[in-house]
Each structure stands twice: as C-alpha cells, then as structure tokens.
1. Only one residue in Lys87, Lys111 is of a type in the set (D, E, K, R) and in contact with a strand residue (DSSP E or B) (Cβ under 6 Å, 6 or more places away or on another chain). Which one?
2. Away from ligand 2 (no atom under 16 Å from the Cβ), under 20 Å from Asn110 (Cα atoms) and either touching a residue at least 24 places away in the same chain (Cβ under 8 Å) or of a type outside the set (Asp, Glu) (or both) - does that describe any residue in segment 198-207?
3. Please work out which residue is farthest from Thr224 (Cα to Cα), limiting yourself to segment 70-109 and to residues that are over 18 Å from the mean Cα position of the chain (by Cα), in a loop (DSSP other than H, G, I, E, B) and not hydrophobic (A, V, I, L, M, F, W, C).
4. Considering (1) away from ligand 2 (no atom under 16 Å from the Cβ); (2) touching a residue at least 12 places away in the same chain (Cβ under 8 Å), say which one Arg37 fails and leave the rest.
5. Taking segment 55-98, which residues are in contact with a helix residue (DSSP H, G or I) (Cβ under 8 Å, 6 or more places away or on another chain), closer than 24 Å to Met206 by Cα and among the polar types (S, T, N, Q)?
6. Looking at Thr95, Thr32, which is the one that is out of contact with any strand residue (DSSP E or B) (no Cβ under 6 Å at 6 or more places or on another chain), closer than 23 Å to Val218 by Cα and more than 13 Å from ligand 2 (Cβ to nearest atom)?
7. Would you kindly identify the strands (runs of 3 or more DSSP E) lying entirely within segment 189-248 that contain at least 3 residues that are within 12 Å of ligand 1 (Cβ to nearest atom)?
8. If we scan segment 90-113, do we find a residue that is within 16 Å of ligand 1 (Cβ to nearest atom) and surrounded by 17 or more Cβ atoms within 10 Å (Cβ to Cβ)?
Amino acid sequence: MAPGQDLLRRRGLRAAPGSRTLSRMSDVIIETIDLHRSYRIGRKSIEVLHGIDLRIQRGEKVFLCGPSGAGKTTLLYTLAGLEHPEKGRVHIDGTDLYALDRRAQARFRNKRIGYVFQNYHLLPELTALENVAVPGAISGNDTTALALKALERVGLGDRAEHLPAELSGGEQQRVAIARAIVNEPQVLFADEPTGNLDSRNSAEIMRILFDLVEEHGVTLVVVTHDQNLAKIGDRTLVIKDGSIHSAE
Ligand SMILES: Nc1ncnc2c1ncn2[C@@H]1O[C@H](COP(=O)(O)OP(=O)(O)OP(=O)(O)O)[C@@H](O)[C@H]1O
Ligand SMILES: [Mg+2]
C-alpha cells in the first residue's frame, strides 16, 4: 500500500469499500446538461469540455482526475458559476445557474457554493481572519465571528492574525478551506487541495473536508492527481479528451 494511503487509513479515512452508496442517496444536487467549453488561441480552438453530462448526488464525495490540461479546473469553474459554458446548462440544487442574471448568480454562488482554488488564491495583504471574512463581507454582513469559527474548524484559531506569507503551505490551504466554508455552502469544490502538501498534511486536509460532508451534508467535488487519494471517495470521475468517464 502506498505510504499516503496507509496514512489516510490510519487516520480513519477509509476507501469506500466498492461503495457506490448511491442507493441511499436519491437526490441530485449538481447536474450538467451537454456542457461545452473551448478556448481559442490564435487561429486554433481547443475543445476542453465536449458535451459533458454529469449528475452528482447530495452528500456525495466525488474525486475528479485526469491528465494535466485535460480540463479539470475548467469543469470545476463551470460547475461553480465562474466560467460561462458556450453551450449547455448547470443546475445546482434545481437552480439553472447560468440562467440567473449576474447579481443573482453572484448571490447564489456566495451563499450556496464554496470554492477552494488551485494554489490557495489568498490575498497577501490581508490576515488569515480577514481573508476568511471576505465572502461574508461581500454579502454585506460582518462575519468576523463566523470567520473565526471557520478558522477554528480547520484548526487555525491561533493563526488568525497571521498574513499568508507567515503561514506554511498546509496552513494556507486550511485558510483557503475556511474561506470556502464560511457561508456554510451546500456544495464545495476543491481544486487540488492537497497538490502541494506532504502526506501528513494531505490527510489532515481530507479529514477536514470529509468532516464537512459527515457533519453538514456538504457535497464535495475534489480535483486530484493522486489516484490513491481518489480511492477514499464515493466515486472517481476521469476527464479526458473533453469527456467524463467513471474510473474503474
Ligand atoms: N483562459 C484560457 N485561455 C486559453 N486556454 C485556456 C484557458 N484556460 C485554460 N486553457 C486551456 O484549457 C485546457 C484545460 O485547462 P485546465 O486548467 O482546465 O486543465 P487542468 O486539467 O486543470 O490542468 P492541471 O492539472 O494542469 O491543473 C488547457 O489546455 C489550457 O491550456
Ligand atoms: Mg487545474
């Protein structure tokens, strides 16, 4: 067994035993219909998403794998309302995300969707606490107390006043998770949240994310390059050549 996987197991994170536990979960929270997205570079067009149809159940833990450049980040952005598809629809909990006007879409995202960006994306001049409070401030509330609670949830209550540069990679990733969960989203997208971390920190991050699923019924979609890590989810999807496949 790979060392990382062994560590995950010792920390109580088990590979779901062949568990495609969908029978106990019946309702779809994320649905895409015929999603298309391409990028044009000069005269050449690359079709990154080629008619993606996807259904994810409430409370599911889904891992998304695929080679570099396959379109994992593009798909996650599109699912989260951050990248408009050229064609197709994204429904989150029954709401047609791209049918909303810009303000309604931003409000929906702010309240219902959490996003952990590839490479943290923390604002360097703000403290950990201020970074986590930003999504609350956008919705017009003073969320300092909620931000502190979110930081405590990820085990960083004692680092609230630190700037990102004064935190380790694992700690910055935990701040990014705290920021993503401060408004208690229903759906959490995390783009390679353990990509730059050692196996101990990776296990800790996954423990935090899985606890959110267990305790708050959050639906989790995680991008990873780590096949062993992906085994601990309910389902692994692989994106390749613009299409989604189920991993064996
Ligand atoms: N804004 C953009 N303009 C042009 N091309 C883009 C843009 N964003 C992404 N691409 C291209 O789309 C493809 C998919 O990119 P994406 O970032 O989704 O890949 P990825 O699977 O997340 O890769 P990685 O594992 O390296 O993060 C790549 O070929 C990339 O170069
Ligand atoms: Mg990416």
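Every read-out reported here was derived from the displayed coordinates using simple, explicitly stated rules and does not represent laboratory data. Please read all numbers here as calculations on a predicted model, not as lab measurements. All Cβ positions, glycine included, derive from the backbone under ideal geometry; neighbour counts span all protein chains shown.
1. Exactly one of Lys87, Lys111 is of a type in the set (D, E, K, R) and in contact with a strand residue (DSSP E or B) (Cβ under 6 Å, 6 or more places away or on another chain), namely Lys87.
2. Residues of segment 198-207 that are away from ligand 2 (no atom under 16 Å from the Cβ), as a first pass: 198-207.
Checking the rest, the ones that are also under 20 Å from Asn110 (Cα atoms) come to none.
There is no residue in segment 198-207 that is away from ligand 2 (no atom under 16 Å from the Cβ), under 20 Å from Asn110 (Cα atoms) and either touching a residue at least 24 places away in the same chain (Cβ under 8 Å) or of a type outside the set (Asp, Glu) (or both).
3. Asp101
4. Exception for Arg37: condition (1).
5. Hit for segment 55-98 is Gln57, nothing else.
6. Working: Thr32 fails: out of contact with any strand residue (DSSP E or B) (no Cβ under 6 Å at 6 or more places or on another chain).
Every option except Thr95 fails the conditions.
7. Details: elements: 219-223, 235-240, 243-246.
Per the criteria, 235-240.
8. Our first condition is that a residue be within 16 Å of ligand 1 (Cβ to nearest atom); within segment 90-113, this holds for 90.
Retained after the next criterion (residues that are surrounded by 17 or more Cβ atoms within 10 Å (Cβ to Cβ)): 90.
Scanning segment 90-113 turns up at least one residue that is within 16 Å of ligand 1 (Cβ to nearest atom) and surrounded by 17 or more Cβ atoms within 10 Å (Cβ to Cβ).
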